[in-house]
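*Asks:* One structure coming up, written as structure tokens, with questions to follow.
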Amino acid sequence: MGMTMTQKILARSAGLASVEAGQLIEGKLDLVLGNDITTPVAITEFEKAGLSSVFDRDKIAIVLDHSTPCKDIKSAQLCAACRQFAKKHAITHFYDVGRMGIEHALLPEQGLTAPGEVIIGADSHTCTYGALGAFSTGVGSTDMAAGMATGLAWFKVPSAIRVNLVGKLGRFVSGKDVILHLIGMIGVDGALYQSLEFTGEGVASLEMDDRFTICNMAIEAGAKNGIFPIDDKTLDYLKGRVDREFTTFEADPDAQYAQELTIDLSALRPTVAFPHLPSNTRTVDEAAGKPIQQVVIGSCTNGRLKDLREAADVLRGRKVADGVRCIVIPATQQIYLDAMAEDLVADFIQAGAVVSTPTCGPCLGGHMGVLSDGEWAVSTTNRNFVGRMGPTSSMIILASPAVAAASAVTGVLTDPASL
């Protein structure tokens, strides 16, 4: 029986000739990731278990991104614990204020993720790296602790859903619209503990930033991971970033899929998700007109350079509406520099937006954009659960950077094509 991409990667990791869906394996890890929220918990478990050393200081990444620069005493204490642990164990890939970025944008940018690798992270959106043909998935902090000590993790091999992409994206349509459309099709548990494997001639038309966005939100459909095939765009992205050898895999022609779906990219419209689930989707023209008080453009989902370009193209020469707060967050320091070099930061500031240091802050309702009672936000983040960005009475509409920027200009949910 043939194997999917994910199954082949897991078989290599486990040292097996083949694996099948449902099989329990122990796999070798290529990278273990934690952030300033989850790493301190992992450190506590690590020390409680009497562990004294990490398996490989070059294969652990700790990124301070959720509450940094530290917003209060507790976040400062959590970050201090991460710094002490990183120093004690000489962790090579430790990213603090000034060097940090939002973890799921930073790690690929720094060349820490590559095709065929097995990556776990104590953050649910670790599935982002499937855009590079890696198996990457979120785990709990206890699993992170065990992974740091042993370089191993247990997995149940997932079955797969094949998503066949055809056509090309139209104007104002991006990877965010693709994944919101898919989640709307199958629901937030439609891919529960399955691999979302994207294939088809439409893949070639997607930029890497689109693929990162799509894989990032695979977890919002309940998926164990999302993954794209390796092509010239992947290899171009890796060039100059990854200097180690890596192995590329492709699904066997007779690979077994639990389900097969087709999405015509050319037929998609800008898509949004209303509260309180990413699956509560509708096209923006169906939902336009809802008044809002805040717009957030950024996060591990949509804070990359392509996202900032799309937002700036809409905001350039226009003004943020009175009564609307527009917050723009480049996902890494390098993206910030690139945005400055292209005058995108000037476009944002001249439009009346504020540009923040890289942080996850508003996405989880931590800082840099928490909502008040009854307020509505259009956000390029990945979750719109009850109380996600503020009190339980606040509301989040998930959208692409273009839709978010257009909404900032008008003060209501807006189709960018209407401006």
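The values are calculated or read from the model by the stated rules, or taken from the named source; none is laboratory data. Source: prediction; values computed, not measured. Here the Cβ is made from the backbone with ideal geometry for all residues, glycine too, and neighbour counts use every protein chain on show. Accessible surface is based on the protein model in full, side chains and every heavy atom, while ligands, DNA and RNA are left aside. Shrake-Rupley method; radii C 1.70, N 1.55, O 1.52, S 1.80 Å.
*Asks:* Checking the structure you have, find out if any residue of the range 254-266 is touching a helix residue (DSSP H, G or I) at 6+ places or on another chain (Cβ under 7 Å), hydroxyl-bearing (Ser, Thr, Tyr) and farther than 21 Å from Thr4 by Cβ.
*Replies:* no
*Asks:* Just a yes or no: is a residue in the range 135-158 touching a residue at least 40 places away in the same chain (Cβ under 8 Å), basic (Lys, Arg) and either more than 30 Å from Glu47 (Cβ to Cβ) or buried (at least 24 other Cβ atoms within 10 Å of the Cβ) (or both)?
*Replies:* no
*Asks:* May I ask you to say which residue of Phe55, Phe46 is over 30 Å from Val163 (Cα atoms) and either open to solvent by 60 Å² or more (accessible area, probe 1.4 Å) or charged (D, E, K, R) (or both)?
*Replies:* Working: Phe46 fails: either open to solvent by 60 Å² or more (accessible area, probe 1.4 Å) or charged (D, E, K, R) (or both).
Just a single option satisfies the conditions, and that option is Phe55.
*Asks:* May I pose another question? Hey, can you tell me all the residues within the range 192-219 that are under 11 Å from the mean Cα position of the chain (by Cα), more than 18 Å from Leu265 (Cα to Cα) and open to solvent by 10 Å² or more (accessible area, probe 1.4 Å)?
*Replies:* Within the range 192-219, the subset under 11 Å from the mean Cα position of the chain (by Cα) is 209-219.
This time we only want the ones that are more than 18 Å from Leu265 (Cα to Cα), so: 216, 219.
Answer for the range 192-219, where residues must be under 11 Å from the mean Cα position of the chain (by Cα), more than 18 Å from Leu265 (Cα to Cα) and open to solvent by 10 Å² or more (accessible area, probe 1.4 Å): just Ile219.
*Asks:* A further question follows. Can you name the condition, by its number, that Leu16 falls short on among (1) among the hydrophobic types (A, V, I, L, M, F, W, C); (2) in a loop (DSSP other than H, G, I, E, B); (3) in contact (Cβ under 8 Å) with a residue 60 or more places away in the chain; (4) farther than 22 Å from Thr199 by Cβ?
*Replies:* Leu16 satisfies every listed condition except (3).
*Asks:* Let me ask something else about it. Scanning the range 352-385 for residues that are out of contact with any strand residue (DSSP E or B) (no Cβ under 8 Å at 6 or more places or on another chain) and outside any loop (DSSP other than H, G, I, E, B), which turns out surrounded by the fewest Cβ atoms within 10 Å (Cβ to Cβ)?
*Replies:* The extreme case among them is Leu364.
*Asks:* Could you look through the range 310-322, keep only residues that are surrounded by fewer than 18 Cβ atoms within 10 Å (Cβ to Cβ) and either among the basic types (Lys, Arg) or touching a Pro at 6+ places or on another chain (Cβ under 9 Å) (or both), and pick out the one that is nearest to Trp376 (Cα to Cα)? Give the steps one after another, and end with the answer.
*Replies:* First, the residues of the range 310-322 that are surrounded by fewer than 18 Cβ atoms within 10 Å (Cβ to Cβ): 313, 316-319, 322.
Checking which are either among the basic types (Lys, Arg) or touching a Pro at 6+ places or on another chain (Cβ under 9 Å) (or both) leaves us with 313, 316, 318-319.
Working: Asp313: 24, Arg316: 24, Arg318: 22, Lys319: 19 Å.
Filtering first and then ranking leaves Lys319.
*Asks:* Still on this structure: Search the range 23-64 for residues being acidic (Asp, Glu) and not in a strand (DSSP E or B), and hand back the single one that is farthest from Leu107 (Cα to Cα). Before the answer, list the steps.
*Replies:* Step one: of the range 23-64, the residues acidic (Asp, Glu) are 26, 30, 36, 45, 47, 56, 58.
The next check asks that each one be not in a strand (DSSP E or B); those that pass are 30, 36, 45, 47, 56, 58.
On the way: Asp30: 13, Asp36: 15, Glu45: 24, Glu47: 26, Asp56: 17, Asp58: 13 Å.
Per the stated criteria, the residue is Glu47.
Per-residue answers, yes or no, for (1) modelled with pLDDT of 95 or more; (2) of a type in the set (Val, Ile, Thr):
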residue	(1), (2)
Ile25	yes, yes
Val32	yes, yes
Ala42	yes, no
Phe46	yes, no
Val63	yes, yes
Pro69	no, no
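*Asks:* Mind counting the residues in the range 391-419 that are over 17 Å from Phe274 (Cα atoms) and open to solvent by 40 Å² or more (accessible area, probe 1.4 Å)?
*Replies:* The qualifying residues number 4.
*Asks:* A further question on this structure: What residue, of Arg325, Arg388, is surrounded by fewer than 24 Cβ atoms within 10 Å (Cβ to Cβ) and within 23 Å of Val178 (Cα to Cα)?
*Replies:* Details: Arg325 fails: within 23 Å of Val178 (Cα to Cα).
Answer to the check: Arg388.
*Asks:* For the range 96-117, does any single residue satisfy the condition of being under 18 Å from Ile43 (Cα atoms) and either in a loop (DSSP other than H, G, I, E, B) or out of contact with any Asp or Glu (no Cβ under 9 Å at 6 or more places or on another chain) (or both)?
*Replies:* yes
*Asks:* Same structure, new question: Confirm whether Thr137 is under 24 Å from Cys363 (Cα atoms), in a strand (DSSP E or B) and touching a helix residue (DSSP H, G or I) at 6+ places or on another chain (Cβ under 7 Å).
*Replies:* Answer is yes for this residue.
*Asks:* Can you run down the residue pairs with Cβ atoms below 7 Å, 6 or more apart or on separate chains, where the first is in the range 26-44 and touching a residue at least 24 places away in the same chain (Cβ under 8 Å) and within 8 Å of Ser141 (Cβ to Cβ) and the partner is part of a strand (DSSP E or B) and β-branched (Val, Ile, Thr)?
*Replies:* Gly34/Ile62; Thr39/Ile62
*Asks:* Cys82 versus (1) open to solvent by 10 Å² or more (accessible area, probe 1.4 Å); (2) in contact with a Phe, Trp or Tyr (Cβ under 9 Å, 6 or more places away or on another chain): which is the lone unmet condition?
*Replies:* Result: Cys82 passes all but (1).
*Asks:* Give me a count of the residues in the range 249-280 that are under 30 Å from Ala21 (Cα atoms), buried (at least 16 other Cβ atoms within 10 Å of the Cβ) and among the β-branched types (Val, Ile, Thr).
*Replies:* Of the residues in that region, 1 qualify.
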